[in-house]
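Worksheet for the structure shown next.
No value in this document is a laboratory result; all are computed from the given coordinates. Computed from a prediction, not measured in an experiment: that's the story for all the values here. Glycine gets a Cβ as well: all are built from the backbone with ideal geometry, and neighbour counts include every protein chain shown.
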Amino acid sequence: MTPNVKRSWKRGSLVYVALLTMTMFLALSAAARTEDAKKDAAAPVASASHNAQDDTARLEGERRFHSNCGRCHTAPPKFPPRMMSTIIRHMRVRANITDEDRRLILRYMTQ
Amino acid sequence: MFSVSLPARKFARAFTFAIFLMSAVAMRGQDIGANPVTSQGDAPPEDYTLKAVPVLTGSGAYFTRVNAGQIQDAPSLSPLLLVPIGDNFLIEAKGSLADTYNKNTQGNYAGTVTYGMTYAQADYITKYVTLTAGRFTTPFGIYGERLAPNWIKALQGTPLIVPVTSGASLGGMLRGGIPAGTEKVNFNYAFYFSSNNTNHILATDRSSGGRIGFFLPGPRLEFGASFQQVLQADRPHSAGVHFVWQPNAVPLTLRSEYVRQSGIKGSGYWIESAYLLKQIPLMKKVEVVGRGQQFYAAGKLPAATVKKLGALGLDTNEADFGLNYYFRTDVRASASYGRQFALGRNANLWTIGMTYRFVSPLWPGGGAM
């Protein structure tokens, strides 16, 4: 191939890879959002009956969230539960938080 | 160099597109009807787990820096891919991409693209121990592992002592956090070994070391110590201590690290305070930051070594002051001023810019509330 053709082929490939990545991301996001909408619509109304045990666990989770996560960064918003589960798993490794802290923080951040 | 005919290229592109689209559709179909919560509601906290999904997170930033009169613009992107597998595995991969614009010798701005792989590791997580393999951030002190992301660090300038130790490792690591026999103290540890890698993007030293730490949730005090032994070249060892304290009464964070190396890279410390002005009605989103640091170069270094070490070759004192404004928890504007004192090289350091942290699910149903 001549240098010009090579350059064109390289440029074309780069554009192609960028478009491909974007398409994949958009397709996955669209699928995720469609599924989220379905689940939100079908979700039952949350029960209002919070017992004392739940409240205690939530308060303890909030306390541990602020003492562990707040040491390095500001409080993030409450992400969707399944994402939160992944993020907490990541933070368990990165910040060496205990298993009990992980459970309580996850519970607090997903309620 | 190989050549590919045009129809073959078109076919290859169409085929790859089809594979990706089919994967997306298949993933969507696979998730329909799946219950995201495996345990919820009245279940006791001990059983509280959720089905984790792959997540793409990370941060983008744009900063203008003026270092001793030299202007530099630097947009950057640091994506982090998290892929959980089952209940105990996690694959983490973080990359970095930055385009740094400086004035060249002709007086024009020219960009230099830099990229790298911060870490790419597989974790097997159990109650007390996490096994990690791959390329990971060296567990030394607190800055590299926890404070380095630009959406987290209170001041954008990296402390002078950070390059003293090897920042990345390639090998294996054991780590974890456990209650130290009482709820009042948590113990955490990390021990690792690393092999030598000379790849220009993934360079690591042959080394081993570790870190232990204690966290007292009551007074919100953390302290610990780190050690690193490099097993190549002049085989230097490094030792360091760190602490973090967040008083319960005020929104203040105090952090500090000290490190000393036996080789040519000297020793030093930094101490930083960050105060969120929560108690002032119109200033609730403003954080005031101050940092002081001193670096002591190793003694009796030959002139050639001093030149090669650059910033680590001279005794340096630095004081920085900064302001952060949180538009939201994920969007922050930052500005800082610092004064650096080094022999024959005093300088003003200005920084202004913004950071943005993003999080997105990569799996259908991952965003369901």
Inside region A:51-88, the number of residues satisfying the requirement of being in contact with a strand residue (DSSP E or B) (Cβ under 6 Å, 6 or more places away or on another chain) and touching a residue at least 40 places away in the same chain (Cβ under 8 Å) is 0
Residues of region B:137-179 being crowded, with 22+ Cβ neighbours inside 10 Å, part of a strand (DSSP E or B) and more than 12 Å from chain A (Cβ to nearest Cβ), in sequence order, are B:Ser169, B:Leu170
By residue number, the members of region B:327-369 that are within 21 Å of B:Gly310 (Cα to Cα) and either part of a loop (DSSP other than H, G, I, E, B) or within 14 Å of chain A (Cβ to nearest Cβ) (or both) are B:Leu343, B:Gly344, B:Arg345, B:Asn346
Of those in region B:324-334 that are surrounded by fewer than 17 Cβ atoms within 10 Å (Cβ to Cβ) and of a type outside the set (Ser, Thr, Tyr), the residue nearest to B:Asn67 (Cα to Cα) is B:Ala333
Residue pairs within 6 Å by beta carbon, gap of at least six or interchain, first lying in region B:305-325 and part of a strand (DSSP E or B), second among the β-branched types (Val, Ile, Thr), listed first then second, are B:Gly322/B:Val289; B:Tyr325/B:Val286
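Out of the residues in region B:115-136 that are crowded, with 19+ Cβ neighbours inside 10 Å and either over 21 Å from B:Pro79 (Cβ atoms) or at the interface with another protein chain (Cβ under 9 Å from one of its Cβ atoms) (or both), state the one that is nearest to the chain's Cα centre (by Cα).
B:Gln121
In region B:104-123, what count of residues is obtained for those that are within 16 Å of A:His90 (Cβ to Cβ) and touching a Phe, Trp or Tyr at 6+ places or on another chain (Cβ under 6 Å)? Spell out the reasoning first.
Step one: list which residues in region B:104-123 are within 16 Å of A:His90 (Cβ to Cβ), which gives B:118-123.
Narrowing further to those that are touching a Phe, Trp or Tyr at 6+ places or on another chain (Cβ under 6 Å): B:119, B:121.
So the count comes out to 2.
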Reported set for region B:260-273 where residues are buried (at least 20 other Cβ atoms within 10 Å of the Cβ) and either of a type in the set (Gly, Ala, Ser) or over 19 Å from B:Ser166 (Cα atoms) (or both) is B:Gly266, B:Gly268, B:Glu272
Within region B:331-357, the residues that are more than 14 Å from B:Gln156 (Cα to Cα) and among the β-branched types (Val, Ile, Thr) are B:Val331
